[in-house]
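Below: one structure, written as C-alpha cells.
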Amino acid sequence: MINEVNEGAGSVDSALRRYAASVQYDGADYHGWQAQRSGIASVQRHVESAFGSVANHEVSVVCAGRTDSGVHASHQVIHFDSPAKRTPRGWAFGANANLPDDIAINWVQEVDPDFHARFSAVYRRYRYVILNQPTRSAILPRGVTWNYRPLDVDKMEEASRCLLGEHDFSSYRAVGCQAKSPVRTITDLKVQRFGSLIVIDVQANAFLHHMIRNIAGVLMAIGSGKEPVSWAQEVLDHKDRARGGVTAPPYGLYFVDVGYPEQFSLPRPGILGPMFLGPLLA
C-alpha cells in the first residue's frame with residue numbers, strides 16, 4: 001500500500017483539472033451523503049478529506065444524487081477540481097488509503113471541464129432490496145429491508161406500471177422536499193423475486209426526496225394485501241403526500257447507476273450493485 005499511496009504524490013501546476021470518480025459506500029453509519037455541521041458523519045466529508053490528502057489541498061466534490069441517512073451506493077459519481085497532477089491509479093489508491101472501510105473509490109478519470117456530476121446526468125437508477133421471510137437476517141441487518149409478511153410480487157409489479165412515464169409525484173415525495181417541481185419521468189420500473197429477496201429496480205431522469213422509499217412503502221402495502229392494486233394509482237392521483245403510504249426504511253436502498261452522454265467516456269459498472277445480488281440483475 002505504501003507504493004500505491006506514493007504514486008499519488010505527483011506535481012502541481014496552476015491549471016485546474018476536472019476529475020470524475022465513482023464511489024461506493026455502506027451508508028448505515030452515516031447521516032447521508034451531504035456534508036453537514038461539524039461532528040455529523042457524512043460520506044461527502046470523508047471523500048473530500050481523502051482526496052484532499054492526495055491533492056495536498058482542500059477538495060470540494062459534487063455528486064450525481066444525494067442519498068439520505070442509511071442509504072447505500074455501489075456507483076455514486078462525483079466530480080472535483082484540482083491543479084494537482086496525479087495518475088488515475090494514484091488518485092484512487094491514495095484516496096482509498098485515507099477512507100474508512102465502508103467507503104471506497106471505484107475509479108478516477110480526468111474529464112472535460114464541461115462535465116458536471118449532477119447536471120450532465122441523463123438518468124439515475126436505484127434498487128430497493130426487501131428480505132421477505134418470516135425471520136430477520138443477522139448477516140445484512142442494515143443492508144436490506146426486512147418484511148415478514150408474505151408479499152405478492154405479481155401484484156406489486158402490476159401496481160407499479162401506473163408509475164411509468166412522466167407524472168406529478170407529489171404524493172410520493174417527502175413533505176420537506178425542496179425540489180421546485182414534483183414532475184419526474186420514470187423510464188423503467190421492475191419488481192422481481194429471487195428466493196427470499198424482492199428487488200424494486202427504478203430508473204428515472206431524477207428523483208424527489210424519499211420518492212423511491214415512498215414507492216416501496218406503497219408497493220409493500222399492496223403486496224401484503226393491505227391495499228388493492230389500484231391504490232398505487234389512487235395515491236398518484238391525489239398529488240398529496242398526506243394521502244400516500246408509509247415511507248419504507250432506508251437500509252434496503254442502493255444508488256446503483258447514473259448515465260451520462262457518451263462524449264464523456266466514463267467507465268460503466270461491470271455488474272450493477274448491490275454486490276451480494278451478483279449477476280442476478282446484471
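Side notes on the structure shown:
- Among (1) farther than 22 Å from residue 220 by Cβ; (2) within 16 Å of the chain's Cα centre (by Cα); (3) in a strand (DSSP E or B), the one test that residue 187 misses: (2)
- Scanning segment 184-193 for any residue that is of a type outside the set (A, V, I, L, M) and more than 22 Å from residue 272 (Cα to Cα) turns up at least one such residue.
- Condition met for residue 154 (within 23 Å of the chain's Cα centre (by Cα) and modelled with pLDDT of 95 or more): no
- Just one of the listed residues (136, 149) is over 20 Å from residue 191 (Cβ atoms) and of a type in the set (Lys, Arg), namely 136.
A quick yes/no check of all residues on (1) on the phi < 0 side of the Ramachandran plot; (2) under 20 Å from the mean Cα position of the chain (by Cα):
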| residue | (1), (2) |
| --- | --- |
| 48 | yes, yes |
| 51 | yes, no |
| 70 | no, yes |
| 86 | yes, no |
| 143 | yes, yes |
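- Breaking point among (1) in a loop (DSSP other than H, G, I, E, B); (2) of a type in the set (Ser, Thr, Tyr); (3) more than 26 Å from residue 275 (Cβ to Cβ), for residue 82: (1)
- Those residues of segment 195-229 which are in contact (Cβ under 8 Å) with a residue 24 or more places away in the chain, over 21 Å from the mean Cα position of the chain (by Cα) and either over 15 Å from residue 161 (Cα atoms) or part of a loop (DSSP other than H, G, I, E, B) (or both), in sequence order: 196, 221, 224, 225, 229
- Search result, residues across segment 51-79 that are surrounded by fewer than 22 Cβ atoms within 10 Å (Cβ to Cβ) and not in a strand (DSSP E or B): 52, 53, 56, 57, 58, 59, 60, 65, 66, 68, 69, 70
- Count of segment 222-263 residues, restricted to those that are aromatic (Phe, Trp, Tyr) and either modelled with pLDDT under 95 or buried (at least 21 other Cβ atoms within 10 Å of the Cβ) (or both), is 3.
- Within segment 56-72, residues that are assigned by TED's automatic domain parsing to the domain that holds residue 113 and closer than 11 Å to residue 44 by Cα have Cβ atoms under 7 Å from residues that are of a type in the set (S, T, N, Q) and assigned to a loop (DSSP other than H, G, I, E, B) in these pairs: 66/34, counting only partners at least 6 apart in sequence or on another chain.
- Residue that is farthest from residue 255 (Cα to Cα) [pool: residues in segment 19-41 that are touching a His at 6+ places or on another chain (Cβ under 6 Å) and at pLDDT 90 or above]: 20
- Considering residues of segment 130-145 that are of a type outside the set (Lys, Arg) and within 18 Å of residue 69 (Cβ to Cβ) only, the residue surrounded by the most Cβ atoms within 10 Å (Cβ to Cβ): 144
- Pairs with Cβ under 6 Å, 6+ apart, first in segment 79-91 and touching a residue at least 60 places away in the same chain (Cβ under 8 Å), second exposed (fewer than 15 other Cβ atoms within 10 Å of the Cβ) and in a loop (DSSP other than H, G, I, E, B): 85/11
The values are calculated or read from the model by the stated rules, or taken from the named source; none is laboratory data. Worth saying up front: this structure is predicted, and the values here are computed from it rather than measured. Neighbour counts run over all protein chains shown; Cβ positions are idealised from the backbone, glycine included.
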